[in-house]
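Remarks on the structure that follows.
Rule-based calculations on the coordinates, nothing more; no lab input. Quick caveat, the model's predicted, so the values are computed rather than measured. Cβ coordinates were reconstructed from backbone atoms using ideal geometry, including for glycine residues, and neighbour counts include every protein chain displayed.
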Amino acid sequence: MTSKTLSIGNIHLRATDGLILATLLFFSTLALLFFSSVEGWWLLILKNIGVAIGYLAFIFFSQRVEQKFWKFFLRVAAVTLTYAYLFGAVDKLQLILHGRWLDEYVLDMEQWIFGVQPTLWIQHYTTPALTEWMMFSYVVYVPLYPVLCGVIYYLRGEVPMEEYFFALGLTNILCDMGFILFPVAGPMPTIGDLYTVPLDGYVWTYLGELMRSQLHYIGGTIPSPHAAAATVMWMMTYKYIRPAFYWLAPVMITLYISTFYGRYHYLTDAVVGIAAAFLALALVPLLVKLWDRLAEDPPSKGNVATSSIQEK
């Protein structure tokens with residue numbers, strides 16, 4: 001990973017920042033080009049502009065904080081919240097190309113391969129205890145996201161943390177692109193009436209259902225962002241915190257299964273999500289080299305300069 005930055009005035013942009021701002025611009029461009037198919041397209045563009053301004057403000061202040069904890073906290077908050085926003089922002093863009101959901105292709109393919117619908121077949125093994133374990137694995141992904149970032153930062157430094165952020169961001173963006181290229185509504189909106197066994201459980205099941213009702217929307221399905229981001233997190237522990245890679249193995253493997261056990265995704269979504277993560281990890285070095293070339297180029301305008309920061 002690189003420590004080089006591209007400076008705009010007094011704001012020093014890292015590769016992750018460039019990725020985020022480029023995605024906001026891309027989503028705004030799509031909303032403008034396909035305005036007739038995007039409900040509230042102008043509002044989406046205004047929100048994207050507001051998020052970009054707020055994100056730049058976070059960068060400005062975080063780069064002026066000296067205390068290590070607050071520097072880390074502001075960086076994690078800015079990046080994580082913006083990734084969450086991008087996941088929601090793509091909602092209105094999902095049907096701009098096809099104009100409809102394509103679930104039947106996934107259902108037909110899985111029926112042809114397995115002879116059953118995996119997300120329906122797995123009901124034979126549904127119990128409250130198993131559901132609770134599945135939901136724990138599904139929900140614990142959320143706090144693991146910043147916790148692993150913090151561990152990498154304090155043990156390995158700022159540059160590895162930025163690699164973690166960049167890989168997660170690229171993975172999330174590949175998933176967002178998948179939602180547009182192949183929009184799938186998901187199991188519950190499409191075949192929800194075919195489920196006959198309730199997902200009964202306890203605390204973690206309640207939290208999993210709360211995520212479904214409050215944070216999820218129709219679509220956002222293939223590739224599975226849960227499976228994709230979890231894979232990147234798991235691979236980053238292998239690189240930087242090797243013992244954690246083995247400790248997390250039962251949780252991560254269960255998480256993959258939980259995506260279709262919990263009726264959030266089809267089995268295909270999880271498989272494609274894992275593939276998207278490895279594609280992102282393969283692309284990271286190439287994109288970082290591209291960023292380095294941009295950062296090293298002489299400024300084309302008077303208010304843009306290049307600089308580099310050294311890891312402390």
| Within the range 35-58, how many residues turn out to be within 20 Å of I11 (Cβ to Cβ), in contact (Cβ under 8 Å) with a residue 24 or more places away in the chain and touching a helix residue (DSSP H, G or I) at 6+ places or on another chain (Cβ under 6 Å)? | 4
| remark: By residue number, the members of the range 62-89 that are touching a residue at least 40 places away in the same chain (Cβ under 8 Å) and farther than 18 Å from P143 by Cα are Q63, L86, G88, A89
| Which of the residues spanning the range 99-126 are among the aromatic types (F, W, Y) and in contact with a Pro (Cβ under 8 Å, 6 or more places away or on another chain)? | W101
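Of everything in the range 1-32 that's among the aliphatic types (A, V, I, L, M) and without any contact (Cβ under 8 Å) to a residue 40 or more places away in the chain, which residue is surrounded by the most Cβ atoms within 10 Å (Cβ to Cβ)? Outline the logic, then answer.
Filtering the range 1-32 for residues among the aliphatic types (A, V, I, L, M) gives 1, 6, 8, 11, 13, 15, 19-22, 24-25, 30-32.
Filter once more, keeping what is without any contact (Cβ under 8 Å) to a residue 40 or more places away in the chain: 21-22, 25, 32.
Numbers: L21: 18, A22: 11, L25: 13, L32: 13.
Going through the qualifying residues, I end up with L21.
Tell me, please, whether a residue that is crowded, with 22+ Cβ neighbours inside 10 Å and more than 17 Å from the chain's Cα centre (by Cα) can be found in the range 208-230.
Going residue by residue through the range 208-230, those that are crowded, with 22+ Cβ neighbours inside 10 Å are 208, 220-230.
Of the ones still in play, those that are also more than 17 Å from the chain's Cα centre (by Cα) are 208.
Within the range 208-230 (the criterion being crowded, with 22+ Cβ neighbours inside 10 Å and more than 17 Å from the chain's Cα centre (by Cα)), the answer is yes, since at least one residue qualifies.
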| field | In the range 61-116, residue nearest to L144 (Cα to Cα) [restricted to those that are surrounded by 13 or more Cβ atoms within 10 Å (Cβ to Cβ) and charged (D, E, K, R)] | value | R75
| remark: Filter the range 163-188 for residues that are surrounded by fewer than 24 Cβ atoms within 10 Å (Cβ to Cβ) and touching a Lys or Arg at 6+ places or on another chain (Cβ under 8 Å); the one that is nearest to V232 (Cα to Cα) is P183
